[in-house]
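Working notes for the structure below.
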Amino acid sequence: MLRRHLLSLLATSLATPALAQPRREPPPAIDDPRASHFAFGPPGDQWRIFVGLPKVPPPREGYSVVLSLDGGTTFPHLWHHRETRARDAPVILVGISYENANRRWRDLTSRAMAPVAPILFYRAPPADRPTGGREAFLSMIAEGLLPELARRHPLDLRDMTIYGHSLGGLFVLHALFTRPRLFARYVAADSSVWWNAGESQREAAAFAGGVAAAGGTVDPAIQVMIAQAGRPRQNHPHDPTSLVRILSGVPGMEVLYRPYPQEDHGSLMGPSTRDALELHLWR
């Protein structure tokens, strides 16, 4: 059943324009009773939540959590990495999936500027894609989904990592800048930093300025991984390395930059989910 749902969601993602859902390597199939899913949210507007339980019993403080966006494709990758690299790790995997591409655009973005100028090989969102729902989505995660998961399973909500790719990476960065205490680690892979003409860079600068005004350091420290496919675009205003430069100047931010010159936007998901899990496990 879970495998059928994942394959259906993958088919939907591959039919989406390249900007929203790029070409990706098929995720590994899952056939294990420890992997399940449930519907969450109001009727008619629900998310599919994938949960991957570990083999081991929970430690005294509860399981740590890796939460991924675009769960239909990211969750199987994370499951594969955990089962092959850290099978006995006491970490629960959680993936949030969207039933259609329109829902994804709404949940992961701020309201689109009109017009949004194309950046490099990308284009503006299709006219039929609603945008601007990220604040409600972030509140759903923080105040709805995480408490529900903690009700179902023993969790250590102080030890969580969030992973996002593409528009999901854009959302992860926004979560970092607006709710830096919600997660201990933030992983943004090939983020859509072109969105709204470089909105992420403006948010990063405001975040750095806010930290300086509040005392000049982030305490306790926060880990951030920024992954990039292909080669950096030197001096381009929307290259993710500009975020690395801004955040590396904030005391208490441990910023890890991971270039993957041999990968493209789609194929990056496999190795970046692997490195996100390793960051979580070997923190």
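Observations on the model:
- Contacts under 7 angstrom Cβ, first residue in segment 46-63 being acidic (Asp, Glu) and part of a loop (DSSP other than H, G, I, E, B), partner buried (at least 16 other Cβ atoms within 10 Å of the Cβ) and at pLDDT 95 or above, 6 or more apart: Glu61/Asp156
Listed here are the residues, each with its yes/no results for (1) among the hydrophobic types (A, V, I, L, M, F, W, C); (2) more than 16 Å from Arg134 (Cβ to Cβ); (3) touching a residue at least 12 places away in the same chain (Cβ under 8 Å).
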{"residue": "Arg151", "(1), (2), (3)": "no, yes, no"}
{"residue": "Leu155", "(1), (2), (3)": "yes, yes, yes"}
{"residue": "Phe183", "(1), (2), (3)": "yes, no, yes"}
{"residue": "Ala205", "(1), (2), (3)": "yes, yes, yes"}
{"residue": "Gly210", "(1), (2), (3)": "no, yes, no"}
{"residue": "Gly216", "(1), (2), (3)": "no, yes, yes"}
{"residue": "Arg231", "(1), (2), (3)": "no, yes, yes"}
{"residue": "His238", "(1), (2), (3)": "no, yes, yes"}
{"residue": "Ser242", "(1), (2), (3)": "no, yes, yes"}
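- Hits in segment 178-195 (condition: surrounded by 19 or more Cβ atoms within 10 Å (Cβ to Cβ) and either not in a loop (DSSP other than H, G, I, E, B) or not β-branched (Val, Ile, Thr) (or both)): Phe183, Ala184, Arg185, Tyr186, Val187, Ala188, Ala189, Asp190, Ser191, Ser192, Trp194, Trp195
- Within segment 128-148, residues that are within 17 Å of Arg104 (Cα to Cα) and touching a residue at least 40 places away in the same chain (Cβ under 8 Å) sit with their Cβ atoms under 7 Å from residues that are assigned to a helix (DSSP H, G or I) and aromatic (Phe, Trp, Tyr), at 6+ positions apart or across chains, in these pairs: Arg129/Trp105; Arg134/Phe171.
- Flag for Gly168 being at pLDDT 95 or above, buried (at least 24 other Cβ atoms within 10 Å of the Cβ), out of contact with any Phe, Trp or Tyr (no Cβ under 8 Å at 6 or more places or on another chain) and not in a loop (DSSP other than H, G, I, E, B): yes
- Members of segment 215-257 that are hydrophobic (A, V, I, L, M, F, W, C), part of a loop (DSSP other than H, G, I, E, B) and either closer than 20 Å to Asp275 by Cβ or modelled with pLDDT under 90 (or both): Ala221
- Segment 179-212, residues that are β-branched (Val, Ile, Thr) and under 16 Å from the mean Cα position of the chain (by Cα): Val187, Val193
- Boolean, Pro259 is over 28 Å from Gly132 (Cα atoms), in contact (Cβ under 8 Å) with a residue 24 or more places away in the chain and in contact with a Lys or Arg (Cβ under 8 Å, 6 or more places away or on another chain): yes
- Scanning segment 115-161 for residues that are closer than 22 Å to Leu279 by Cβ and either part of a strand (DSSP E or B) or modelled with pLDDT under 95 (or both) gives Leu155, Asp156, Leu157, Arg158, Asp159, Met160, Thr161.
- Once segment 258-283 is narrowed to residues that are in a strand (DSSP E or B) and not hydroxyl-bearing (Ser, Thr, Tyr), the residue that is nearest to the chain's Cα centre (by Cα) is Arg258.
- Note on segment 131-151: among residues that are charged (D, E, K, R) and out of contact with any strand residue (DSSP E or B) (no Cβ under 8 Å at 6 or more places or on another chain), the one that is farthest from Ser68 (Cα to Cα) is Arg151.
- Tally, over segment 66-89, of residues that are outside any helix (DSSP H, G or I) and within 13 Å of the chain's Cα centre (by Cα): 5
The values are calculated or read from the model by the stated rules, or taken from the named source; none is laboratory data. None of these values were measured; they are calculated from a predicted model. Methodologically, a virtual Cβ is constructed for each residue, glycine included, from the backbone with ideal geometry; neighbour enumeration extends over all protein chains shown.
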